[in-house]
1. Compute the Cα gyration tensor for the chain, then decide on rounded, prolate or oblate, letting a ≥ b ≥ c be the square roots of its eigenvalues: rounded whenever a/c is under 1.5, prolate when a/b is larger than b/c in the other cases, and oblate in all that remain.
2. What's the FRET efficiency of Ala311 with Asp250 using the Cβ-Cβ distance as r and R₀ = 30 Å, to the nearest 0.05?
3. Would you mind pulling out the separation of the Cα centroids of the range 274-322 and the range 202-239, in Å?
4. Pop the C-beta distance of Lys298 and Cys216 into the FRET formula with R0 = 22 Å and round what comes out to the nearest 0.05.
5. Calculate, for the range 249-328, the solvent-accessible area per residue in square angstrom, rolling a 1.4 angstrom probe over the heavy atoms of the protein chains.
6. Taking all protein chains as present, what is the carbon and sulfur share of the accessible area of the chain, in % to the nearest whole number, probe 1.4 Å?
7. Would you kindly state how much longer the chain becomes between Ser242 and Thr61 on full extension, computed as 0.36 nm times their sequence separation minus their alpha carbon distance, in nm to one decimal?
8. Can you work out the accessible area per residue across the range 1-110, with the rest of the protein chains kept in place, probe 1.4 Å, in square angstrom?
Amino acid sequence: MPIETLSKKPSKKILTDIQHCDFSSLQALKVKDPHFHWSSVIYEKTGDTALHVAARLGHLTVIDYLLEEYAPQTVDVRNQNDKTPLHEAAQFGQWESVVKLLSYGAEVNALRRGDWTPLMLACTKIQPVINLKIVKLLVEKGAYINMPNKDGWTCVHILAREGGVDVLHYLINQGLNVCPKTKNGRTALHIAALHGNIEILDMVLEHLDINSKDSCGNTALHEGLLGQHVHVAKHLVSRGASTDCRNNSDFSVLHLAASQNNCEVMDYVLRELSFEINCQNSNGWSALHCAARKRNEKVFCYLKNMGADLALKDRFGRTALDYFTEVKA
């Protein structure tokens, strides 16, 4: 069991030494006090121990010293976010640290705060060779590939965001479900579109409805435009995405495009999707109203130059210029 925490000064010295793969200060304390245990030395703000630091930085000699000189049960020591050293090694792509920690019996499905597993964290840092090796090893050791975190995200959602094509391909072959929704109703398709990952989008599109809506009523096409990815929008339309869908706020892709201060996105929607520039939603908002409410000066000027009606009023009796002036005040 850890003894009482040391004063800040010695703790800082020890942890600084560990960062440089030097555990001599730990050895010295062990000689002075046979009951001393390294887990009593922590970073005050994070609760990280020497083992967390060594795992994150890939210091294998330090890991061996900590787990051989002391009881190896502490391999799953946790910081203030409930991260174990295996979480750290997986997240930062430290392949050899992952191998070493697992050899000491680290819990492969340990849950960090928010219910994140080491496998999930390995999917957040995409280094094509190293992270695929880590993912494969964790799966071979029994990692749950379809485990959701507290927000309903699984590995498929994380990879859709990060663009880990090779890792996703491997996990699908291992039985990864690509269809689950997050707690706000988003699929991997929505997330891939938002982050501009077309390869991932095509992989999951084989299993998902291209026009499925999340809890806000957004489709993947909406998300692609919100992410300001014209290439994604074009690709989705070529694959059959509906351009007529409106979300729960009755925003069309035209209204959402106007909410982004990106003239390329706006130009694509107007010219290639042939939207009527002054079409209104249930609140009477046109694209010009949406740009004004967001104070998107570039798009506001673009729409005005394209012939948007400055006199058009919404159901509250306000013109776009009223909103633009109000927001600027």
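1. Details: a/c = 3.52, a/b = 2.18, b/c = 1.61.
Prolate, since a/c reaches 1.5 and a/b exceeds b/c.
2. Working: r = 22 Å, r/R0 = 0.73.
After rounding to 0.05, the efficiency reads 0.85.
3. For the range 274-322 versus the range 202-239, the Cα centre distance is 25 Å.
4. Numbers: r = 25 Å, r/R0 = 1.14.
Using R0 = 22 Å, I get an efficiency of 0.30.
5. 47
6. Of all accessible area on the chain, carbon and sulfur atoms account for 49 percent.
7. On the way: separation 181, 0.36 × 181 = 65.16 nm, distance 5.70 nm.
Length gained, Ser242 through Thr61: 59.5 nm.
8. Counting only protein heavy atoms, the per-residue value for the range 1-110 is 49 Å².
The values are calculated or read from the model by the stated rules, or taken from the named source; none is laboratory data. Everything numeric in this text was worked out from a predicted model, so none of it was measured. All Cβ positions, glycine included, derive from the backbone under ideal geometry; neighbour counts span all protein chains shown. Accessible surface areas use protein heavy atoms only, side chains included; no ligands, DNA or RNA. Shrake-Rupley method; radii C 1.70, N 1.55, O 1.52, S 1.80 Å.
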